[in-house]
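The values are calculated or read from the model by the stated rules, or taken from the named source; none is laboratory data. Just so we're clear, the structure is a prediction, and the values are computed from it rather than from any experiment. Cβ placement follows ideal geometry from the backbone for every residue including glycine, while neighbour counts extend to all protein chains displayed. Ligands, DNA and RNA are excluded from the accessible area calculation, which covers all protein heavy atoms including side chains. Shrake-Rupley method; radii C 1.70, N 1.55, O 1.52, S 1.80 Å.
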Amino acid sequence: MTKLHIIAFDGTAYDIDAENGSTVMENAIRNSVPGIEAECGGACACATCHVYVDDAWTGVVGEPESMEEDMLDFAFDVRPNSRLSCQIKVRDELDGLIVRVPEHQG
Amino acid sequence: MPDVTKTPDVTKTDVLIVGAGPVGLFAVFELGLLDLKCHLVDILDRPGGQCAELYPEKPIYDIPGWPLITAQGLVGRLMEQIEPFQPQFTFNRMISALEKREDGSFRATTDEGEVFEAKAVVIAAGGGSFQPKRPPIPGIEAYEGKSVFYAVRRMEDFRGEDLLIVGGGDSALDWTLNLQPVARSVALVHRRAEFRASPDSVNKMFGLHEEEKLRFQIGQVTALAGESGVLRSATVKGPHGEVDIPCTRLLPFFGLTMKLGPIAQWGLNLHENLIPVDTEKFQSSEPGIFAIGDINTYPGKLKLILSGFHEAALMAQAAKHYISPAERIVFQYTTSSTSLQKKLGVA
């Protein structure tokens, strides 16, 4: 199990034991984290699971691929540490990962 | 005295289907086998619903008999499958009002005023109707309809205006290029220098930017300035800080999102924006109005296309009974029934 810390916009922290291979979005939905809508169900086809990766973690998590970049165009207040949480796969190196949910998903 | 007020043209059909996604399309098949003609209305400009709009190229792995099919591929096969029943389509429209008449039939009106009369109504509206995304710019609502528009209905409306167009897809680029000769000035704002639009449009846009016939600015709009809905300028936060861009019209193109929309006003019982139905008839709280696919809810509901197909089959039986209560429905298989095969045009 890999620990994820998903912080809702109101500051509530959701500490989640996640299975490797699952996505951060799936874990957020399973634990009813407010603000993660995931309208398309994880197909990288909307931009409603947008999160900000904690600055300490951006290097480990990595950059979005071009399809995800395209989808991020539909998100709001996109920052250099923006990612779509359906495209972040949980793995050992992400143990302790912190991501924050933006105010809106659009 | 004869009524001289102009009455709108009325389209009559057996069953009005609200939503032309995969489940609405398959309902045409099941209703067609029971001799019911269908008319489908959808806010999008083509059939397929979420399959067409959200993820056309994505693979689906849980359609029985199709180990892998793309969403658009599935829509194409469904259109082929229902072709014998000659369904009628009205696209780019939303059913805004629905009323039941004394004889148990229904009258539905679109957002553009077209009227439909149907003996039964099937709501297969998925997550609701697709509507343009509103960017969360503080106070943007006050400018909507006056200075902020999410679509271009008439180019003339933008003649002589200072336009600010936001987005990086084909809509943003196409309207930037089409409105540039008409407007007094055009600025395009996108959060990066890469676009999702056709390379040809992107090159044209950069060409006009070089010639100083339009302005391209990297950034995101964070604030609007103006009074009483009349826009004066927008603040754009870019990689090198904030700039104010003077503009009288703002056109944001951020794609579509799903909203339940007018269905909430049809007097049906709702539960968390879904329509509760029974699992025998898939009927709403109003007899004669059925709900199938992602829009309905019942104990054990799964939002799967295959579940919607099953719901369509059972709903069709109930709709037939609602429309022709005296008629006995003989259960038949398409593999062996000559009468069904005739309807399918294969016998």
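General remarks:
- The residue of the range B:204-239 that is least open to solvent (accessible area, probe 1.4 Å), among those that are part of a loop (DSSP other than H, G, I, E, B) and within 14 Å of chain A (Cβ to nearest Cβ), is B:Gly219.
- Flag for B:Ala197 being among the small types (Gly, Ala, Ser), open to solvent by 40 Å² or more (accessible area, probe 1.4 Å) and either within 14 Å of another protein chain (Cβ to nearest Cβ) or more than 27 Å from the chain's Cα centre (by Cα) (or both): no
- Taken over the range A:1-27, residues that are open to solvent by less than 10 Å² (accessible area, probe 1.4 Å) and touching a residue at least 60 places away in the same chain (Cβ under 8 Å) amount to 7.
- Considering residues of the range A:73-82 that are touching a His at 6+ places or on another chain (Cβ under 8 Å) and within 8 Å of another protein chain (Cβ to nearest Cβ) only, the residue most open to solvent (accessible area, probe 1.4 Å): A:Asp77
- Considered as a group, the residues in the range B:34-52 that are open to solvent by 20 Å² or more (accessible area, probe 1.4 Å) and of a type outside the set (S, T, N, Q) include one that is nearest to B:Glu114 (Cα to Cα), and that residue is B:Ile43.
- As a summary of the residue check, A:Ile88 satisfies the conditions (1) under 10 Å from the mean Cα position of the chain (by Cα); (2) away from chain B (no Cβ under 14 Å); (3) open to solvent by 20 Å² or more (accessible area, probe 1.4 Å) except for the one numbered (3).
- Scanning the range B:118-167 for residues that are in contact with a Lys or Arg (Cβ under 6 Å, 6 or more places away or on another chain), among the small types (Gly, Ala, Ser) and open to solvent by 20 Å² or more (accessible area, probe 1.4 Å) returns a single hit, B:Gly160.
- For the range A:39-68, filtering for residues that are within 14 Å of chain B (Cβ to nearest Cβ), open to solvent by 50 Å² or more (accessible area, probe 1.4 Å) and touching a helix residue (DSSP H, G or I) at 6+ places or on another chain (Cβ under 8 Å) leaves 1.
- Neighbours by Cβ (under 7 Å, 6+ apart or cross-chain): first from the range B:66-86, touching a residue at least 60 places away in the same chain (Cβ under 8 Å) and over 15 Å from B:Ala312 (Cβ atoms); second open to solvent by less than 30 Å² (accessible area, probe 1.4 Å) and among the acidic types (Asp, Glu): none
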